[in-house]
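Asker: Before I ask anything, here is the structure I am working with.
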Amino acid sequence: TVRQALNSAMDDEIKRDPKVFLMGEEVAQFDGSYKVSKGLYKKYGAGRIWDTPICEAGFSGLGVGAALFGLRPIIEFMTWNFAMQGIDQLINSCAKFCYMTGGDFSSCPIVFRGLNGPTAGAAAQHSQCFAAWYGSVPGLKVVAPWNCEDARGLLKTAIRDNSPVIFLESELMYSVEFEFDKSVMDPDFTLPIGKAKIERKGKDVTIVSYSKMVGTSLEAAATLSKKHKVDAEVINLRTIRPLDRKTILESVKKTSHIVSVEDGWPQSGIGAEISALMMEAGFDYLDAPHERITGADVPMPYSVPLEKAAVPDTQNVINGVLKALNKK
């Protein structure tokens with residue numbers, strides 16, 4: 001599962017590098033609120049796996065200080081919504097520090113990770129997508145994995161990176177199982193930050209997505225092929241910042257149509273950034289406007305039917321593709 005992939009990545013890196021440690025609420029003796037750190041406290045002890053008080057501002061700042069002086073903390077937020085309590089540490093004390101010290105502190109090797117975006121029945125204060133928030137900040141790298149390969153390879157790279165990395169996981173993906181090559185479990189397996197992956201090749205339209213919406217996009221692509229004879233190319237961004245603009249543009253050169261899919265809000269979202277990319281660098285390749293599929297522009301409802309209506313589904317993606325291709 002994706003949960004086990006994340007767990008194994010942290011296990012590898014804690015074992016490999018004595019400077020790596022995990023810190024957060026309930027990550028140690030309770031094995032993590034979502035069991036992502038299961039077994040690590042028993043294996044490595046309190047010196048490497050730290051339980052913290054419910055004080056995001058406190059343990060975020062503690063992690064930043066540790067990173068600036070040579071350690072490699074992994075800071076787990078129970079949810080990225082709670083990270084808003086510590087966002088000053090992430091932005092002002094972390095992302096900007098290299099710049100504001102004139103390079104005297106040239107590295108801050110810290111990973112902030114936890115669940116991001118819609119969950120299930122968690123309502124407005126626990127269901128936001130922060131990809132666009134942190135993706136706008138110079139000095140941060142922002143990663144959003146989809147499957148086991150993404151989760152394991154990108155987390156290992158993030159922990160080894162000398163820059164602060166925002167690692168956005170999806171609770172709804174934690175228990176999802178994926179098949180992958182055995183090489184993914186090699187202790188030296190990593191994936192590059194800043195490089196997208198084409199999950200499905202196609203020639204008629206480009207679908208760009210990240211995190212859980214990659215699976216939704218692939219489901220839509222399968223239906224489009226079967227029912228509408230549309231051959232869609234699906235790009236898994238993997239990284240929000242730096243954004244792999246080259247892969248997106250090369251795909252659009254081929255397909256001449258693009259649809260972006262995200263479960264965050266529409267205004268100033270990742271799709272909006274892709275729209276800007278199309279205007280600035282991809283306009284001449286397009287035969288139709290870029291179609292954005294996003295979450296609804298409302299706080300997430302608690303009601304199950306309303307929550308379902310607020311998050312993109314396969315049919316929303318199909319409709320967007322057909323509109324882009326002038327087939328609807």
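The values are calculated or read from the model by the stated rules, or taken from the named source; none is laboratory data. Predicted, not measured: the structure shown is a model, and the values here were computed from it. Cβ placement follows ideal geometry from the backbone for every residue including glycine, while neighbour counts extend to all protein chains displayed. Ligands, DNA and RNA are excluded from the accessible area calculation, which covers all protein heavy atoms including side chains. Shrake-Rupley method; radii C 1.70, N 1.55, O 1.52, S 1.80 Å.
Asker: Here is a check on your reading of the model: is Met78 in contact with a strand residue (DSSP E or B) (Cβ under 7 Å, 6 or more places away or on another chain), farther than 17 Å from Gly135 by Cα and open to solvent by 40 Å² or more (accessible area, probe 1.4 Å)?
Answerer: Working: in contact with a strand residue (DSSP E or B) (Cβ under 7 Å, 6 or more places away or on another chain): yes; farther than 17 Å from Gly135 by Cα: yes; open to solvent by 40 Å² or more (accessible area, probe 1.4 Å): yes.
Answer is yes for this residue.
Asker: Across region 43-59, which residue is farthest from Ser106 (Cα to Cα) among those that are assigned to a strand (DSSP E or B) and open to solvent by 60 Å² or more (accessible area, probe 1.4 Å)?
Answerer: As a first pass, look at region 43-59 and keep what is assigned to a strand (DSSP E or B): 49-51.
Checking the rest, the ones that are also open to solvent by 60 Å² or more (accessible area, probe 1.4 Å) come to 50-51.
Values: Trp50: 26, Asp51: 29 Å.
Looking at the filtered set, the residue picked out is Asp51.
Asker: Of everything in region 76-99, what is among the aromatic types (Phe, Trp, Tyr), in a helix (DSSP H, G or I) and under 19 Å from the mean Cα position of the chain (by Cα)? Give them in sequence order.
Answerer: Phe82
Asker: Looking at Ile240 and the list (1) open to solvent by 20 Å² or more (accessible area, probe 1.4 Å); (2) part of a strand (DSSP E or B); (3) under 19 Å from Leu155 (Cα atoms), which single condition is not satisfied?
Answerer: (1)
Asker: Of the conditions (1) closer than 27 Å to Gln125 by Cα; (2) under 20 Å from the mean Cα position of the chain (by Cα), Pro301 clears all except one; give me its number.
Answerer: The single condition Pro301 does not satisfy is (2).
Asker: Follow-up question, since we're still on this one. Starting from residues that are in contact with a helix residue (DSSP H, G or I) (Cβ under 9 Å, 6 or more places away or on another chain) and not aliphatic (A, V, I, L, M), keep the ones in region 304-318 and report whichever is most open to solvent (accessible area, probe 1.4 Å).
Answerer: Checking each candidate, the answer is Gln315.
Asker: Of the residues in region 60-75, how many are open to solvent by 10 Å² or more (accessible area, probe 1.4 Å) and either without any contact (Cβ under 8 Å) to a residue 12 or more places away in the chain or of a type outside the set (Lys, Arg) (or both)?
Answerer: 8
Asker: Identify all residues within region 277-303 that are surrounded by fewer than 16 Cβ atoms within 10 Å (Cβ to Cβ) and assigned to a helix (DSSP H, G or I); write none if there are none. So that I can check it myself, show each step before the final result.
Answerer: If we filter region 277-303 for residues that are surrounded by fewer than 16 Cβ atoms within 10 Å (Cβ to Cβ), which is where we start, we get 279-281, 283-284, 287-289, 297-299, 302-303.
Matches in region 277-303: Met279, Glu280, Ala281, Phe283, Asp284.
Asker: Within region 251-276, track down each residue that is buried (at least 17 other Cβ atoms within 10 Å of the Cβ) and over 23 Å from Trp146 (Cα atoms). Outline the logic, then answer.
Answerer: Taking region 251-276 and keeping what is buried (at least 17 other Cβ atoms within 10 Å of the Cβ), we get 251-252, 255-265, 269-275.
The answer is Thr255, Ser256, His257.
Asker: Pairs under 7 Å by beta carbon, first residue open to solvent by 20 Å² or more (accessible area, probe 1.4 Å) in region 208-224, partner assigned to a helix (DSSP H, G or I), six or more apart or different chains?
Answerer: Lys212/Leu172; Lys212/Met173; Glu219/Thr314; Thr223/Thr314; Thr223/Ile318
Asker: Given the options Gly194, Gly215, name the one that is under 27 Å from Gln128 (Cβ atoms), of a type outside the set (Lys, Arg) and under 13 Å from the mean Cα position of the chain (by Cα). Reasoning before the result, please.
Answerer: Working: Gly215 fails: under 13 Å from the mean Cα position of the chain (by Cα).
Residue meeting the stated conditions: Gly194.
Asker: Within region 100-110, count every residue that is without any contact (Cβ under 8 Å) to a residue 24 or more places away in the chain, outside any helix (DSSP H, G or I) and of a type outside the set (Gly, Ala, Ser).
Answerer: 2
Asker: Still on this structure: Which residue is surrounded by the fewest Cβ atoms within 10 Å (Cβ to Cβ), if the candidates are limited to region 8-22 and must be of a type outside the set (Asp, Glu), within 17 Å of Ile110 (Cα to Cα) and under 20 Å from the mean Cα position of the chain (by Cα)?
Answerer: We begin by selecting, within region 8-22, every residue of a type outside the set (Asp, Glu); these are 8-10, 14-16, 18-22.
Now narrow it down to the ones that are within 17 Å of Ile110 (Cα to Cα): 9-10, 14-16, 18-22.
The next check asks that each one be under 20 Å from the mean Cα position of the chain (by Cα); those that pass are 9-10, 22.
Values: Ala9: 24, Met10: 26, Leu22: 27.
Going through the qualifying residues, I end up with Ala9.
Asker: Just for region 32-42: of the residues that are at pLDDT 95 or above and surrounded by fewer than 20 Cβ atoms within 10 Å (Cβ to Cβ), which one is farthest from Ser170 (Cα to Cα)?
Answerer: Out of the qualifying residues, it is Lys42.
Asker: Among (1) within 20 Å of the chain's Cα centre (by Cα); (2) touching a residue at least 60 places away in the same chain (Cβ under 8 Å); (3) surrounded by fewer than 19 Cβ atoms within 10 Å (Cβ to Cβ), which single condition is Phe180 missing?
Answerer: Going through the list (1) within 20 Å of the chain's Cα centre (by Cα); (2) touching a residue at least 60 places away in the same chain (Cβ under 8 Å); (3) surrounded by fewer than 19 Cβ atoms within 10 Å (Cβ to Cβ), Phe180 breaks only (2).
Asker: Would you mind stating whether Arg113 is in contact (Cβ under 8 Å) with a residue 12 or more places away in the chain, part of a helix (DSSP H, G or I) and buried (at least 17 other Cβ atoms within 10 Å of the Cβ)? Steps first, answer last, please.
Answerer: On the way: in contact (Cβ under 8 Å) with a residue 12 or more places away in the chain: yes; part of a helix (DSSP H, G or I): no; buried (at least 17 other Cβ atoms within 10 Å of the Cβ): yes.
The answer is no for Arg113.
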